[in-house]
Amino acid sequence: MTAPDSDGLLAEQLLRLTRRVHRIQKRHLEHRDLGITPAQSRLLRTLAHYGSPPRMADLAERLEVVPRAVTTLVDGLEAAGKVRRVPDPANRRVIRIELTDDGRAALGELRGARRSAAEEILAPLTDEQRAVLGGLLDTLIDGPDPGEGRRTA
């Protein structure tokens, strides 16, 4: 009889937790009726981290998606009044994406939904367990990525 693959089991637990987090966040978002998809919410959160409006290519790179995917997301968010396309003052051929007031309000709602989901997920843990989990997650998040720097031909 072989020993169970403990790393494989941990990886499966992390994937299951990730799916649970997404499911709970989605439920909390649906209660707020924002009409924003998870991908659009990710774009809004990413957009909020820029000091000045980024180009679509910048967003695609940061989100690690193809530029066409960003165009589709921006189209939907622009139609909903959450973002707008603005010309770059230095180069009018370049289009930048900025949050609208409605977009900033939606971000506040998104943060509230994420906070509510986190409270629900973390409820069974004590403060000490939360601190340990936070330290472990920081170690995993900040650890080296063995795939970085390698390119396939």
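Criterion applied to 90, 123 was being free of Cβ contacts under 8 Å to residues at least 24 places away in the same chain, closer than 22 Å to residue 28 by Cα and of a type outside the set (Val, Ile, Thr), and the one residue passing it is 123.
Looking only at residues of the stretch 46-60 that are open to solvent by less than 60 Å² (accessible area, probe 1.4 Å) and hydroxyl-bearing (Ser, Thr, Tyr), we find that the one that is farthest from residue 98 (Cα to Cα) is 46. Return a yes/no flag: does the stretch 83-97 have any residue that is part of a loop (DSSP other than H, G, I, E, B) and modelled with pLDDT of 95 or more. No, that holds for no residue. Tallying residues that are within 17 Å of the chain's Cα centre (by Cα), charged (D, E, K, R) and surrounded by 13 or more Cβ atoms within 10 Å (Cβ to Cβ) within the stretch 61-88 yields 3.
Condition check ((1) part of a loop (DSSP other than H, G, I, E, B); (2) among the hydroxyl-bearing types (Ser, Thr, Tyr); (3) at pLDDT 95 or above; (4) over 13 Å from residue 104 (Cα atoms)) across all residues:
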site	(1), (2), (3), (4)
29	no, no, no, yes
45	no, no, no, no
52	yes, yes, no, yes
65	yes, no, no, yes
75	no, no, yes, yes
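Among the residues making up the stretch 99-117, those that are open to solvent by less than 50 Å² (accessible area, probe 1.4 Å) and without any contact (Cβ under 8 Å) to a residue 60 or more places away in the chain are 99, 100, 103, 108.
Within the stretch 47-68, residues that are touching a residue at least 40 places away in the same chain (Cβ under 8 Å) and among the polar types (S, T, N, Q) have Cβ atoms under 8 Å from residues that are in a loop (DSSP other than H, G, I, E, B) and open to solvent by 40 Å² or more (accessible area, probe 1.4 Å) in no pair, counting only partners at least 6 apart in sequence or on another chain.
Would you check which residues across the stretch 16-60 are charged (D, E, K, R) and within 19 Å of residue 86 (Cα to Cα) and list them? Across the stretch 16-60, the qualifying residues are 45, 55, 58.
The values are calculated or read from the model by the stated rules, or taken from the named source; none is laboratory data. As the structure is a prediction and not an experimental result, all values here were calculated from the model. Don't worry about glycine lacking a Cβ; one is built from the backbone with ideal geometry, like all the others, and counts go over all protein chains shown. Ligands, DNA and RNA are excluded from the accessible area calculation, which covers all protein heavy atoms including side chains. Shrake-Rupley method; radii C 1.70, N 1.55, O 1.52, S 1.80 Å.
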